[in-house]
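Chemist: Sharing a structure with you now.
The values are calculated or read from the model by the stated rules, or taken from the named source; none is laboratory data. Quantities reported herein were computed from a predicted structural model and do not represent experimental measurements. Reconstructed Cβ throughout: ideal geometry from the backbone, glycine too, with neighbour counts over all protein chains shown. Protein only, heavy atoms only, side chains kept; ligands, DNA and RNA dropped before computing areas. Shrake-Rupley method; radii C 1.70, N 1.55, O 1.52, S 1.80 Å.
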Amino acid sequence: MSRLRGKEPMDSLRGFRAPTSEPAVPCGLLKTARKSGQLNLSGRGLTEVPANVFRLNLDTPEEAKQNLSFGASERWWEQTDLTKLLLSSNQLTSLSEDIRLLPALSTLDLHDNQLKMLPSALGELQELQQLRLSHNQLTLLPMEVFSLKNLRSLTLQQNQLEVLPEELGQLEALTDLDVSNNQLMELPSSLGRLSCLQKLHLCHNKLTCLPDSLAQLTNVKLLDCSNNLLSDIPAGLSKMLALEQLYLRHNKLRFLPLLPAPALKELYVGNNQIERLEAEHLASLCVISLLELRDNKIKVLPEQVATLSTLTRLDLTNNDIGILPASLSLLPDLKTLLLEGNPLRGIRRELLTKGTNELLKFLRGRIKEEPDSAADRTTAMTLPSEATINIHNIKTLKSLVYSDKKADSIPDELFEAAAGHGITSVNFSKNQLTSVPPRLAEMQTLTELNLSFNRLTCCNYVCRLQQLVHLDLRNNQLSELPTELKNVTKLHSIILSYNKFKSFPEVLYNMVSLETILLSNNQVGGVDPTRLVQLVCLSTLDLSNNDLLSVPPELGLCTSLRSLSLEGNPFRTPRAAIVAKGTDAILEYLRSRIPT
C-alpha cells in the first residue's frame with residue numbers, strides 16, 4: 001500500500017476519452033456574462049459561435065456540474081439574461097438560427113466578419129435595439145429583420161446591398177440608419193415612414209435621385225448623401241426643418257439646394273458642378289457655421305454672402321472666382337477663409353498664404369470709411385467724433401459695427417441710427433468698455449453680440465437679449481456671470497476665454513441650449529460632471545490652460561461632446577499622451593476610470 005501512496009487514482013476510461021482542448025470561450029467569461037448580461041467575444045478569430053453561447057441562459061453551468069468549488073453562494077440560478085452580445089472582428093461566415101435562444105438581446109454586434117446571409121431567427125429578437133452589421137458581405141437582409149419594432153440603430157455600411165425592400169418602413173423606431181458604401185441605385189419610398197430617424201447615412205452608393213418621401217423625415221439632423229450620382233435635390237428636402245448637417249459632396253449638382261434651413265449649421269457641397277450661387281439660396285442659410293463649396297465652377301461670389309453672420313468657415317478652394325466682395329470682411333465670426341486655386345485678381349498670392357486674418361484685413365481696407373460723393377452720403381453719416389456709421393450695413397446686413405475705436409462708451413448717435421432696423425449683429429470689440437452699454441437692451445432682434453477685447457467686469461444688460469444665439473466675451477476682466485443669463489434660452493455659443501474665472505460659471509449648468517463653451521486661459525479649478533452631462537446639446541468644451549488639478553472620470557459620460565480641450569492644465573491624469581489623441585480617447589479613458 002505504501003508504494004501506491006501519492007499516486008493519482010487509476011482512470012479506468014483512460015485511452016477512451018477524446019483529447020481535451022481549450023474551449024473557444026473561457027468558462028470564466030461565460031460565468032461573468034451570466035452575472036452582467038454582457039458578453040464580448042470580439043476579435044477572437046471565431047469561425048462560428050460556440051453552441052454554449054446561445055444556450056448561456058438555458059443550461060446548467062459546467063462549473064456547477066463538476067462541483068468545482070461552486071458553492072451555493074454563487075447562486076448561478078439567479079443569472080441575468082444576456083442583453084449584449086459582441087461578436088465583431090471575427091471570421092464568421094454564418095450565424096446559427098439558435099440566436100433565437102437569446103430573446104432578451106438589446107445589442108447584437110456582428111460588424112467586421114464575413115457574413116453573406118443572416119438567419120430568419122433574428123426576427124424573434126423583439127427586444128433588439130442595436131444591430132451592427134457593417135463590414136460584411138451581405139447582399140440582402142431576411143424579411144424578418146423588418147419586424148424588429150424596438151430597433152433604434154441599424155448599421156449596414158460596407159456590404160454589397162443592391163436594394164432595400166419597402167418593408168424597411170416598418171422599422172418605425174429607428175433613430176440611426178447607415179447604409180453607406182453599398183451598391184444601392186434607389187431607395188424605397190417607405191423610407192419616409194421612419195419618422196423617428198435622426199441620422200441617415202447614404203454616402204458612397206449609386207443613387208441618381210432621392211425619394212420625395214424624404215420630406216416626411218422631419219426629425220433628421222444629419223443627412224449624408226455624398227459620393228453618389230445626384231444631379232438634383234428634391235424640393236421636399238425643404239421640409240426637413242431639423243437638418244443641422246447636410247453632406248452632398250462628390251455628386252453632379254449644379255445649384256445649392258434651396259432650403260428654409262432654420263437649423264442648418266454645416267453644408268458640404270464640394271466636388272460638384274455648381275457654377276452659380278443664387279442670392280435666394282444663400283439667404284436661407286440663416287444659422288450656417290460651415291459652408292464648403294470647394295472644387296466647383298463658381299465664378300462669382302454674390303454680395304449676399306456677407307449676410308451669413310454666423311459663418312465661421314468658408315471653403316472656396318479650386319473654383320473660378322476672380323473677384324472677392326469686400327463685404328466678406330464684415331462677417332463677425334469668420335475664422336477660416338480658404339481660396340487657393342482661384343484666379344483672383346487684385347490679391348497677391350503671398351497674401352493668401354498669410355492666412356484668414358490678413359486677408360480679411362486687406363478686404364476691410366477696400367471698404368470706404370469716408371463718404372466722398374453724393375451717392376456715398378446716402379449710405380454713410382459721420383458722428384461728432386468723426387467716426388463713420390455705415391448705414392448700408394445697418395439697413396442691408398442688419399449689422400452694427402463700432403470696433404477697434406479704443407472708446408470707453410458707444411455714441412448714442414449709433415444706437416439712434418440703428419433704431420427700427422431689426423439689427424441682428426453687433427460688434428463692439430476692441431474698445432475700452434468697462435460695462436455693457438445699457439442701450440443694447442433696446443435691440444431685441446439681436447442674435448449675435450461681440451464684446452471681446454474690452455475691460456468688462458460685468459455683463460448684466462446682455463441678460464435682456466432674448467434672441468441671442470452667439471455671445472463673444474473673450475479677453476475681458478470677467479470673474480462671474482449673472483444668474484439672469486439663464487433667461488437667454490436660445491444661446492448656442494459663449495466665448496469666455498482670457499478672463500478671470502476661478503470656477504466654472506454656475507449659470508452655464510442651467511443653459512441647456514448651449515452647444516459651445518470656450519473657457520480657455522482662465523483660472524478654473526474644477527467642473528461638476530453630473531451637472532455638465534445635463535447639457536445634452538454641448539458638443540464643444542474648451543477648458544485648456546486653466547488650473548484643473550484633476551479631471552473627474554464622470555466627465556467621460558458627456559457623450560454629446562465632439563471636441564474637449566484640456567491641454568495646459570496641471571492635472572496628472574489623463575496623461576499628456578492620451579490628451580494628445582483627442583476627444584474620443586480622453587472620454588474613453590475617463591469612462592474606464594469610473595468606479596463600478
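Chemist: Can you pull out the residues in region 426-472 that are among the polar types (S, T, N, Q) and under 19 Å from residue 497 (Cα atoms)? So that I can check it myself, show each step before the final result.
Modeler: Of the residues in region 426-472, the ones among the polar types (S, T, N, Q) are 427, 429, 431-432, 434-435, 444-445, 447, 450, 452, 454, 457, 460, 466-467.
Of everything in region 426-472, those that are among the polar types (S, T, N, Q) and under 19 Å from residue 497 (Cα atoms) turn out to be 427, 429, 431, 432, 434, 435, 450, 452, 454, 457, 460.
Residue-by-condition table, conditions (1) part of a helix (DSSP H, G or I); (2) open to solvent by 60 Å² or more (accessible area, probe 1.4 Å):
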position	(1), (2)
508	yes, no
538	no, no
544	no, no
548	no, no
551	no, no
555	yes, no
570	no, yes
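Here's the yes/no breakdown for (1) of a type in the set (D, E, K, R); (2) open to solvent by 40 Å² or more (accessible area, probe 1.4 Å); (3) more than 24 Å from the chain's Cα centre (by Cα):
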{"residue": "481", "(1), (2), (3)": "no, no, yes"}
{"residue": "485", "(1), (2), (3)": "no, no, yes"}
{"residue": "489", "(1), (2), (3)": "no, yes, no"}
{"residue": "492", "(1), (2), (3)": "no, yes, no"}
{"residue": "502", "(1), (2), (3)": "yes, yes, yes"}
{"residue": "512", "(1), (2), (3)": "no, yes, no"}
{"residue": "518", "(1), (2), (3)": "no, yes, no"}
{"residue": "521", "(1), (2), (3)": "no, yes, yes"}
{"residue": "525", "(1), (2), (3)": "no, yes, yes"}
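Chemist: Is it the case, given these coordinates, that residue 438 is closer than 17 Å to residue 401 by Cα, touching a helix residue (DSSP H, G or I) at 6+ places or on another chain (Cβ under 7 Å) and modelled with pLDDT of 90 or more? Steps first, please.
Modeler: Numbers: closer than 17 Å to residue 401 by Cα: yes; touching a helix residue (DSSP H, G or I) at 6+ places or on another chain (Cβ under 7 Å): yes; modelled with pLDDT of 90 or more: yes.
Yes, satisfied.
Chemist: Give the residues of region 270-306 that are modelled with pLDDT of 85 or more, open to solvent by 50 Å² or more (accessible area, probe 1.4 Å) and either closer than 25 Å to residue 228 by Cα or in a helix (DSSP H, G or I) (or both), sorted by residue number.
Modeler: 271, 273, 275, 276, 294, 297, 299
Chemist: Another question, if that's okay. Filter region 80-126 down to the residues that are at positive phi and either free of Cβ contacts under 8 Å to residues at least 12 places away in the same chain or not hydroxyl-bearing (Ser, Thr, Tyr) (or both) and list them by number. Reasoning before the result, please.
Modeler: Applying the first criterion (at positive phi) to region 80-126 yields 89, 112.
112, the sole residue that qualifies.
Chemist: Which condition number does residue 17 fail, the rest of (1) basic (Lys, Arg); (2) farther than 27 Å from residue 149 by Cβ; (3) at pLDDT 90 or above being met?
Modeler: (3)
Chemist: Condition first: assigned to a loop (DSSP other than H, G, I, E, B), farther than 17 Å from residue 47 by Cβ and open to solvent by less than 10 Å² (accessible area, probe 1.4 Å). Now tell me which residues in region 80-123 satisfy that.
Modeler: 82, 102, 105
Chemist: Name the one entry in 337, 328, 344 that is in a strand (DSSP E or B) and aliphatic (A, V, I, L, M). Can you show your working first?
Modeler: Values: 328 fails: in a strand (DSSP E or B); 344 fails: in a strand (DSSP E or B).
Result of the check over 337, 328, 344: 337.
Chemist: Quick check on my filter: what residues within region 33-59 are open to solvent by 80 Å² or more (accessible area, probe 1.4 Å) and either modelled with pLDDT under 85 or under 25 Å from residue 92 (Cα atoms) (or both)? Steps first, answer last, please.
Modeler: Quick first cut of region 33-59, residues open to solvent by 80 Å² or more (accessible area, probe 1.4 Å) only: 35, 38, 40, 44, 47-48, 55, 58.
Residues satisfying the conditions are 38, 40, 44, 47, 48, 55, 58.
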